[in-house]
Amino acid sequence: QVQLVESGGGLVQPGGSLALSCATSATIHSIYHMGWYRQAPGKQREWVAGFTSGGDTNYLGSVKGRFTISRDNAKNTVYLRMVSLKPEDTAIYYCRCQTYGGDYWGRGTQVTVSS
C-alpha cells in the first residue's frame with residue numbers, strides 16, 4: 001500500500017508564503033503522475049498543479065505565477081511552494097500519486113489565509 005505524507009500547512013496572512021511537501025512510499029519508477037489538489041469549504045476538490053508525462057509543470061490558472069511545484073526524485077517527495085497567498089487559496093491541500101498499481105491520496109493539510 002502506497003502511503004503519502006503531507007506537511008507544511010498552516011495559517012498565514014494574505015500576501016504570505018507557505019511550502020507544502022508530500023513524501024510517498026511509491027518507487028519513482030512506478031509513478032506516472034503526482035500533483036496537488038485542494039478543496040475549499042463547500043466546494044468540489046480541484047486540481048492545482050502537477051507534472052506532465054514529459055516532466056513539464058502545469059498549474060491552475062488562478063495560481064499560475066504564485067505557486068511552484070517541484071520534486072526530489074531521490075527523496076520521492078513533491079513540493080508546492082506558495083507565495084502571494086490570497087484568502088481564496090484557503091483549502092485543504094491534498095497530494096495525489098498515481099502509479100501503475102493504483103491511485104493514492106494523502107490525508108490533506110489545511111492552508112488558511114486570513115488576517
Revision key, fill the gap. HN-Hα couplings for the range 56-65 via Karplus (6.51, -1.76, 1.60; θ = phi - 60°), in whole Hz with x for Gly/Pro, come out as 6, 10, 10, 9, 4, x, 6, 10, 4, x
Point to revise | Amide H contacts under 5 Å for GLY108, placed H, 5+ residues apart | key: GLU6, CYS95
Study note, to complete from the structure: Along the range 103-115, Karplus-curve 3J(HN,Hα) (6.51, -1.76, 1.60; θ = phi - 60°) to the nearest Hz, with x for Gly and Pro, reads 10, 10, 10, x, 7, x, 9, 7, 10, 10, 10, 7, 8
Check your understanding: Quick one: with all protein chains in place, what share of the accessible area of the chain is carbon or sulfur, to the nearest percent (1.4 Å probe)?
Key -> 47
Point to revise | Interchain or long-range residues, amide H under 5 Å from HIS33's placed H | key: GLN98
Review point. With each label point set 7 Å from Cα along the Cα-Cβ vector, what nm distance links GLN13 and TRP105?
Key: 3.4
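Counting DSSP beta bridges with both partners in the chain, what percentage is antiparallel, nearest 5?
Given both bridge residues lie in the chain, the antiparallel proportion sits at roughly 90 percent.
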**Study point:** Modelled label reach - ILE28, point 7 Å along Cα→Cβ, the range 43-57 residues with backbone N closer than 17 Å
**Key:** 51-57
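The values are calculated or read from the model by the stated rules, or taken from the named source; none is laboratory data. As the structure is a computational prediction, the values presented were derived from the model and not from experiment. No Cβ is skipped: glycine too gets one built from the backbone with ideal geometry, and neighbour counts run over all protein chains shown. Heads up: the accessible areas ignore ligands, DNA and RNA and are worked out on the full protein's heavy atoms, side chains in. Shrake-Rupley method; radii C 1.70, N 1.55, O 1.52, S 1.80 Å.
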